Amino acid sequence: MRVVIITGASDGIGAEMARQLASKEGAGVALVLAARNAAQLDAVAAECSAFGAQALAVPTDVSVRIQCRRLVISAVERFGRIDVLVNNAGRSAHALFEEVEDLDWYEELMRVNLWGSVWCTQAALPHIKATRGSIVAVSSLAGLVGVPGRTAYSATKFAMTGFFEALRAEMKGAGVSVTTAYPGVVATQIRYRGFNAQGEPMGTSSLKEEGAMSVEECARLIIGGMNARKREVVMTAKGKIGRFLKLIAPGLVEKIALAALKQDVRPK
Ligand SMILES: NC(=O)c1ccc[n+]([C@@H]2O[C@H](COP(=O)([O-])OP(=O)(O)OC[C@H]3O[C@@H](n4cnc5c(N)ncnc54)[C@H](OP(=O)(O)O)[C@@H]3O)[C@@H](O)[C@H]2O)c1
């Protein structure tokens, strides 16, 4: 039975990954589900159990180092091993840097998106080495190209990109795979919950949501990359072209990004 820890499993991409793994692998998988909202986490765990999978909900705030350690200890106490850690918990943010007065929430965002991933990875690594297992990091296309209006978010996702790229090389000899996923715009509530310039939840999306990838498709692509032990899962044609275009025509990529910012649909 493979043991999979998923952070940010109470909703969105993490919850959908849990449901898909449970429905495909049934009794062959044990899911350790982490997020702050215990009631929502229990609901996702119940859905996974209904597919025959074992599911353990561990209420966790990944921005608190000791809670990341406790999450890993709970998984090992219950199931005796860890095969996969999916670092998916994350928050979004949308503000022009010049609009921000108090930068405290920039630090908070870095603690959730980067440090939560680093702390969970450090605690789980000896166990994942023992099973020659896998680590997954859910970054973003904003972790490949700097997006105007997203200085805080892009900084956290570029940091994840660099951390996991370096770790991948360090772990090659140990037989541990590190897969970094770069979703584009996915239809979840993340943008509504993200920080605004004042560090409060946005309450509204800053993007046109019509073209978003479905959460089912995004989870399926991440699971595929994770199971194939791929280095990267870059989603959408725009993402694939954008990262290479940036190397040969960075001015053009800036123009495209600024044009997208002008379409910003936040209330003015
Ligand atoms: N949706 C997109 O368009 C998109 C695009 C690119 C990348 N991503 C990345 O994909 C990941 C998942 O995003 P999503 O779209 O599924 O967002 P979502 O629907 O808002 O879900 C985010 C999950 O993270 C959890 N979370 C937030 N803060 C946490 C904390 N401090 N400790 C533990 N868990 C926490 C939330 O649960 P609680 O509130 O219960 O803690 C929730 O389960 C994120 O890393 C995001 O940056 C998303």
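The values are calculated or read from the model by the stated rules, or taken from the named source; none is laboratory data. Since we're looking at a predicted model, the values are computed, not measured. Note that we place each Cβ from the backbone using ideal geometry, even for glycine, and neighbour counts take in every protein chain shown. Surface accessibility is based on the protein's heavy atoms, side chains included, excluding ligands, DNA and RNA. Shrake-Rupley method; radii C 1.70, N 1.55, O 1.52, S 1.80 Å.
Here are some notes:
- Those helices (runs of 4 or more DSSP H) lying entirely in segment 170-268 with at least 1 residues within 11 Å of the ligand (Cβ to nearest atom) and among the hydrophobic types (A, V, I, L, M, F, W, C): 190-193, 215-227
- Segment 148-159, residues that are buried (at least 22 other Cβ atoms within 10 Å of the Cβ) and part of a helix (DSSP H, G or I): 152, 153, 156, 157
- Of all residues in segment 133-147, none satisfies being more than 9 Å from the ligand (Cβ to nearest atom), within 21 Å of residue 253 (Cα to Cα) and open to solvent by 60 Å² or more (accessible area, probe 1.4 Å).
- Residue count for segment 1-46, restricted to those that are assigned to a helix (DSSP H, G or I) and surrounded by 16 or more Cβ atoms within 10 Å (Cβ to Cβ): 16
- Of all the criteria given as (1) part of a loop (DSSP other than H, G, I, E, B); (2) open to solvent by 20 Å² or more (accessible area, probe 1.4 Å); (3) hydrophobic (A, V, I, L, M, F, W, C), the one not satisfied by residue 163 is (1).
- First in segment 9-23 and more than 9 Å from the ligand (Cβ to nearest atom), second anywhere and polar (S, T, N, Q) and not in a loop (DSSP other than H, G, I, E, B), Cβ under 6 Å, 6 or more apart: none
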